[in-house]
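Peer 1: Take a look at the following structure, please.
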Number of protein chains: 2
Amino acid sequence: MPSSKKAKSVRAATLSDVGREAGVSAMAASAVLNGARTSSRISPETRERIEEAALRLQYRPNAAARALANRRMDTIGVATVFESRELNPYFLEVFNGILETAALHEQNTTVFDWQRGAAKLPGWCDGRIDGLILIAPTLTSEAAKVLPGHTPFVAIHANVELPNVVNIETDEERGAYEVVRFLISQGHKRILHVSGVAGLVGSDRRLRGYKRALASAHIGLDNALIIPAGFCSDDGYRAMRSWLQQHAGELLPHAVFCVSDGVATGCLEALSEVGLRVPDDISVAGFDDTLSARTTLPQLTTVRQPLRAMGNRAVEVLLDRIHRQNTGDKQLTEKSIVFPVALVTRASVGAPPAIKRVVPSRR
Amino acid sequence: MPSSKKAKSVRAATLSDVGREAGVSAMAASAVLNGARTSSRISPETRERIEEAALRLQYRPNAAARALANRRMDTIGVATVFESRELNPYFLEVFNGILETAALHEQNTTVFDWQRGAAKLPGWCDGRIDGLILIAPTLTSEAAKVLPGHTPFVAIHANVELPNVVNIETDEERGAYEVVRFLISQGHKRILHVSGVAGLVGSDRRLRGYKRALASAHIGLDNALIIPAGFCSDDGYRAMRSWLQQHAGELLPHAVFCVSDGVATGCLEALSEVGLRVPDDISVAGFDDTLSARTTLPQLTTVRQPLRAMGNRAVEVLLDRIHRQNTGDKQLTEKSIVFPVALVTRASVGAPPAIKRVVPSRR
DNA sequence: CTGAAAGCGCTTACAG
DNA sequence: CTGAAAGCGCTTACAG
């Protein structure tokens with residue numbers, strides 16, 4: 001038996017096939033099956049015949065051909081650093097919002113892992129996506145200038161101002177202010193702040209909120225109570241542990257305000273290691289309200305950002321920009337959209353204990 | 001000033017543009033810039049001229065045109081139920097592996113949220129993707145039959161056998177067996193199992209491993225110690241709490257083996273609520289080793305699945321299938337690929353306490 | 001109301 | 001070693 005090299009694979013039906021089957025032209029089929037405004041021009045009978053033929057042949061419009069003709073892929077890109085040192089539940093929630101709204105508008109969503117700076121970014125803007133959402137990019141202003149001009153961008157939590165890019169962000173300073181005010185309202189005065197990477201907008205704003213809250217309650221700022229760390233639980237663990245070691249015998253803070261839930265998780269671990277109980281001996285608060293804020297024990301008092309809604313909005317804004325670009329109206333209506341945050345109180349914050357000193361750490 | 005309706009947008013350079021700039025034909029440019037095997041046919045000088053021209057014009061191949069000509073999108077799809085009741089860190093790790101390998105092969109990755117059964121699936125197979133990875137699909141055998149025949153599929157942790165679909169899974173029974181054997185080796189005998197949804201392959205296999213481990217240690221099976229729950233932390237919390245309420249005054253189990261880390265997290269919460277300490281009063285083990293296994297306190301003893309590697313492999317297998325399909329060789333070489341699992345011991349498991357009874361719950 | 005033509009930007013045979 | 005032609009499947013003007 002001769003093996004035919006060209007195995008006649010079941011070719012998908014095209015508009016011509018449908019047209020032939022229905023006894024009309026391919027354009028008529030196009031108008032009925034894919035056309036938006038021109039579809040009214042086909043008579044009801046013809047229309048029905050075409051629809052039946054399409055059904056019979058299982059016609060599906062070919063995405064590539066349509067994209068080529070329309071100069072539009074109906075696809076948005078999402079770029080993020082997918083894993084720095086920890087998998088990032090923050091992404092999960094933002095992305096969920098993005099997918100939701102994209103599906104609503106019948107847009108595909110393709111994801112890029114943006115591990116090494118902006119280098120690969122221009123390559124993604126070759127027509128395979130109509131626009132790009134940058135999730136929490138940490139770009140230098142320098143790198144931002146390299147963003148291709150023909151592709152619309154939207155950023156979420158960008159750390160620098162990007163020219164011609166809408167940034168969707170949250171009022172982090174207010175969030176930090178409120179959670180620290182809450183700690184103060186519970187009677188805490190000596191409040192340690194485990195901070196993020198200095199220079200990043202996220203860290204700086206949260207630090208500012210912390211300082212403003214102390215000032216508003218007339219609590220003097222003690223720089224020794226601010227320790228730079230990072231955003232991961234490791235960072236929190238290490239920062240807390242070494243602080244405890246270095247301050248053995250001294251007064252324990254009443255509470256710890258951590259720059260992120262991940263950091264707070266690490267703090268809890270370090271505190272538990274030296275036998276300190278949360279919130280009985282010391283209170284802990286986080287920021288972000290990610291998954292881990294609810295899997296710690298006690299669960300974390302933290303600041304919630306409407307990440308899903310921000311994802312929704314990012315898509316809306318991006319699609320709007322894509323549409324405007326096509327109509328030649330490239331003007332940016334707004335540079336930044338700020339979402340509110342909300343204090344979430346859970347069991348990790350209690351009343352301050354009587355005087356408590358740092359016990360020498362076990363190792 | 002007359003507003004020109006057709007704003008002359010900066011059209012991206014095409015192969016013709018590059019060809020003209022370099023004084024050659026578009027095909028020559030194609031051969032040099034995009035061609036794989038035919039590129040050798042161009043003389044070095046011409047090649048250089050073309051490459052310079054491309055650089056000067058910032059030429060980028062148009063993805064849609066290429067896809068149309070090649071009948072290949074260079075894009076793989078990933079479908080999953082993105083959020084059932086909890087955001088799913090399991091996805092994060094699998095997806096990371098998928099992105100990694102896809103990028104390696106210069107494939108795009110587009111994500112579909114598969115909320116409502118298989119209904120929308122055929123629509124995604126219209127040429128916009130070359131193949132599809134189903135992550136943890138819960139399909140009926142019935143629905144599986146509707147999978148379009150022209151698109152290659154790969155599943156990860158599928159719950160039913162899908163015709164003509166490779167399934168990438170783990171040896172969950174062995175994982176459960178090993179973690180329960182470990183509990184036994186630590187001296188635990190009365191081991192509660194908080195199980196998942198009955199009938200799902202994942203639950204059933206883990207339950208089977210639990211039973212087999214007990215049997216192998218000659219511990220009689222007590223069906224009262226198996227409680228059906230689900231996979232979320234809520235499920236675990238509720239299951240554990242009501243068990244404690246219903247068995248107030250009775251013997252406390254030595255240990256709890258939970259069907260997932262999420263469930264284990266909920267258990268920890270319920271146990272802590274009634275003042276039971278883990279692992280001093282009771283030990284707890286999970287399954288999956290997701291993010292939350294490390295954010296609980298104490299951290300969870302659990303079973304690790306190589307999710308990232310499974311994501312890597314899923315892409316490899318899918319690309320292979322896509323390639324084979326194009327060459328007409330559609331035969332499935334293997335139906336299932338089973339990855340090993342590994343016991344991960346952490347602080348949530350200790351030695352069993354002296355006799356301990358369930359105290360009446362607080363409410 | 002309907003169809004023939006041209007074009008989107010790329011490839012793959014086929015000639016030279 | 002290089003180019004003219006035809007085609008991938010769809011659209012959008014343009015004729016009738």
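The values are calculated or read from the model by the stated rules, or taken from the named source; none is laboratory data. Since the structure is predicted, the reported quantities are computational estimates derived from the model, not experimental observations. Counting neighbours? That spans all protein chains shown, and the Cβs are built from the backbone with ideal geometry, glycine included. Please note that ligands, DNA and RNA were not included when accessible areas were found on the heavy atoms of the full protein model with its side chains. Shrake-Rupley method; radii C 1.70, N 1.55, O 1.52, S 1.80 Å.
Peer 1: So what is the diffusion coefficient of segment B:15-61 in µm² per second by Stokes-Einstein at 37 °C and 0.692 mPa s, using a Kirkwood Rh over Cα pairs?
Peer 2: Working: Rh = 10.0 Å.
Result for D is 329 µm²/s.
Peer 1: Let me know the charge dipole size of chain B about its Cα centre in debye, to the nearest 20, where only the beta-carbon of Lys, Arg (+1) and Asp, Glu (-1) is charged.
Peer 2: Working: 44 positive and 38 negative charges, 114 e Å.
In total the dipole reaches around 540 debye.
Peer 1: Now a separate question. Once the Cβ-Cβ distance between residue B:164 and residue A:51 is put in as r, and R0 is 35 Å, what FRET efficiency do you end up with, to the nearest 0.05? Walk me through the numbers before you get to the answer.
Peer 2: Values: r = 30 Å, r/R0 = 0.86.
Result of the calculation: an efficiency of 0.70.
Peer 1: What is the dipole size for segment B:146-251, taken about its Cα centre, with +1 at each Lys and Arg Cβ and -1 at each Asp and Glu Cβ, in debye to the nearest 20? Write down the numbers at each step before the final one.
Peer 2: On the way: 11 positive and 11 negative charges, 71 e Å.
For segment B:146-251, the charge dipole is close to 340 debye.
Peer 1: Can you list the DSSP H helices in chain B whose Cα atoms extend at least 27 Å along the helix axis and whose mean Kyte-Doolittle hydropathy is -0.5 or higher? Don't jump to the answer; show the numbers that get you there.
Peer 2: Numbers: long enough: B:307-326 (29 Å, -0.47).
Span-like helices, by this rule, are B:307-326.
Peer 1: Solvent-accessible area per residue for chain B at a 1.4 Å probe radius, Å²? List each step's numbers first, then the result.
Peer 2: Details: 16740 Å² over 363 residues.
That works out to 46 Å² per residue.
Peer 1: Give, ordered by residue number, each residue of segment A:282-323 whose 1.4 Å probe accessible area is reduced by a minimum of 50 Å² on adding the remaining protein chains to the chain alone.
Peer 2: A:291, A:295, A:297
Peer 1: Mind listing the label-point distances from residue B:190 to the same position on all other copies, shortest first, one decimal in nm, points 7 Å along Cα→Cβ?
Peer 2: Result for residue B:190, in nm, nearest copy first: 4.4.
Peer 1: Which of A:169, A:21, A:178 moves the most in a Gaussian network model of chain A with Cα springs under 10 Å?
Peer 2: A:21
Peer 1: Follow-up question, since we're still on this one. Just for chain B, what percent of DSSP beta bridges are antiparallel, to the closest 5? Could you put the intermediate results ahead of the total?
Peer 2: On the way: 5 of 38 bridges.
Around 15 percent antiparallel, to the nearest 5.
Peer 1: Next up: For segment A:172-304, report the translational diffusion coefficient in µm²/s to the nearest whole number, using Stokes-Einstein at 10 °C, 1.306 mPa s, and a Kirkwood Rh over Cα pairs.
Peer 2: Numbers: Rh = 14.2 Å.
Here the translational diffusion coefficient equals 112 µm²/s.
Peer 1: Using a ≥ b ≥ c from the Cα gyration tensor of the protein assembly as shown (square roots of the eigenvalues), is it rounded, prolate or oblate, where a/c under 1.5 gives rounded and otherwise the larger of a/b and b/c decides, a/b for prolate? Write down the numbers at each step before the final one.
Peer 2: Working: a/c = 2.27, a/b = 1.44, b/c = 1.58.
Since a/c reaches 1.5 but b/c is at least a/b, the shape of the protein assembly as shown is classed as oblate.
Peer 1: I would also like to ask the following. Return the whole-Å distance between the Cα centroid of segment A:272-295 and the Cα centroid of segment A:203-218.
Peer 2: 20 Å
Peer 1: Over the alpha carbons of chain A, what is the largest minus smallest coordinate on each principal axis, giving the biggest first in Å?
Peer 2: Largest first, chain A extends 90, 57, 38 Å along its Cα principal axes.
Peer 1: Something else about it: I need the phi-derived Karplus couplings for segment A:125-133: 6.51 cos²θ - 1.76 cosθ + 1.60, θ = phi - 60°, integer Hz, Gly and Pro marked x.
Peer 2: Listing the rounded values in order: 9, 10, x, 7, 10, 8, x, 9, 9 Hz.
Peer 1: Same structure, new question: Which of the chymotrypsin sites (Phe, Trp or Tyr not before Pro) across segment B:109-160 are loop residues per DSSP, with 14 or fewer other Cβ within 10 Å?
Peer 2: Those that pass, being in a loop and sparsely packed, number zero.
Peer 1: Among B:65, B:143, B:162, pick out the residue whose Cα is farthest towards the positive end of the charge dipole of chain B, where Lys and Arg carry +1 and Asp and Glu carry -1 on C-beta, about the Cα centre.
Peer 2: Ranked along the dipole, the leading option is B:65.
Peer 1: Give, in nm to one decimal, the length gained when the segment between residue B:11 and residue B:238 is fully stretched (0.36 nm per residue of separation minus the Cα-Cα distance).
Peer 2: Values: separation 227, 0.36 × 227 = 81.72 nm, distance 5.97 nm.
Stretched fully, the residue B:11-residue B:238 segment lengthens by 75.7 nm.
Peer 1: For the pair residue A:245/residue B:272, report the inter-label distance in nm, with labels modelled 7 Å from Cα in the Cβ direction.
Peer 2: Result for the modelled spin labels: 2.6 nm.
Peer 1: Please list the non-local residues whose amide H lies under 5 Å from the amide H of residue A:169, H modeled 1.01 Å from N, same-chain partners needing a gap of 5 or more.
Peer 2: A:157, A:337, A:338, A:339
Peer 1: Distances from residue B:246 to the same position in the other copies: list them in nm, one decimal, shortest first, using label points 7 Å from Cα along Cα→Cβ.
Peer 2: 5.3
Peer 1: Moving to a separate point now. Where the accessible area of segment A:172-304 is counted over protein heavy atoms with a 1.4 Å probe, how much of it, in %, is carbon and sulfur?
Peer 2: Numbers: 2230 of 4560 Å².
The computed percentage sits at 49.
Peer 1: Here's a follow-up. So the label point sits 7 Å from Cα along the Cα-to-Cβ vector; using that for residue B:115, what distances do you get to the other copies, in nanometres, sorted shortest first?
Peer 2: Ordered by increasing distance: 3.3 nm.
Peer 1: For the protein assembly as shown, what is the percent of antiparallel DSSP beta bridges, rounded to the nearest 5?
Peer 2: Values: 11 of 77 bridges.
The answer is about 15 percent antiparallel.
Peer 1: Give me Rg over Rh for segment A:129-208, both radii from the alpha carbons and Rh done the Kirkwood way, two decimal places.
Peer 2: On the way: Rg = 16.5 Å, Rh = 14.5 Å.
We get a ratio of 1.13 for segment A:129-208.
Peer 1: A follow-up question, please. Report the one residue of A:220, A:207, A:260 whose Cα lies farthest in the direction of the positive end of the charge dipole of segment A:172-304 (charges on C-beta: Lys and Arg +1, Asp and Glu -1; origin at the Cα centre).
Peer 2: Sorting the options by dipole projection puts first A:220.
Peer 1: Counting other Cβ atoms within 10 Å, keep those with at most 13, restrict to DSSP loop, and tell me which trypsin sites (Lys or Arg not before Pro) in segment A:271-314 are left. All intermediate terms of the calculation are to be shown ahead of the outcome.
Peer 2: Working: sites: A:277, A:294, A:304, A:308, A:313; in loops: A:277.
Passing sites in segment A:271-314 are A:277.
Peer 1: Note the buried accessible area between A and B here, summed over both chains, with a 1.4 Å probe, in Å² to the nearest 100. Each step should come with its number before you reach the end.
Peer 2: On the way: alone 18790 and 18780 Å², together 33500 Å².
Buried area between the two chains comes out at roughly 4100 Å².
Peer 1: Cut-off under 14 Å on the C-alpha distance; same-chain residues fewer than 8 positions from residue B:211 excluded. Which aspartates and glutamates are left, in chain and number order?
Peer 2: Correct list for residue B:211: B:172, B:173, B:178, B:222.
Peer 1: Across 10 Å bins from the origin, how do the percents of Cα pairs in segment B:225-269 run, short distances first?
Peer 2: Distribution as computed: 31, 58, 11 percent.
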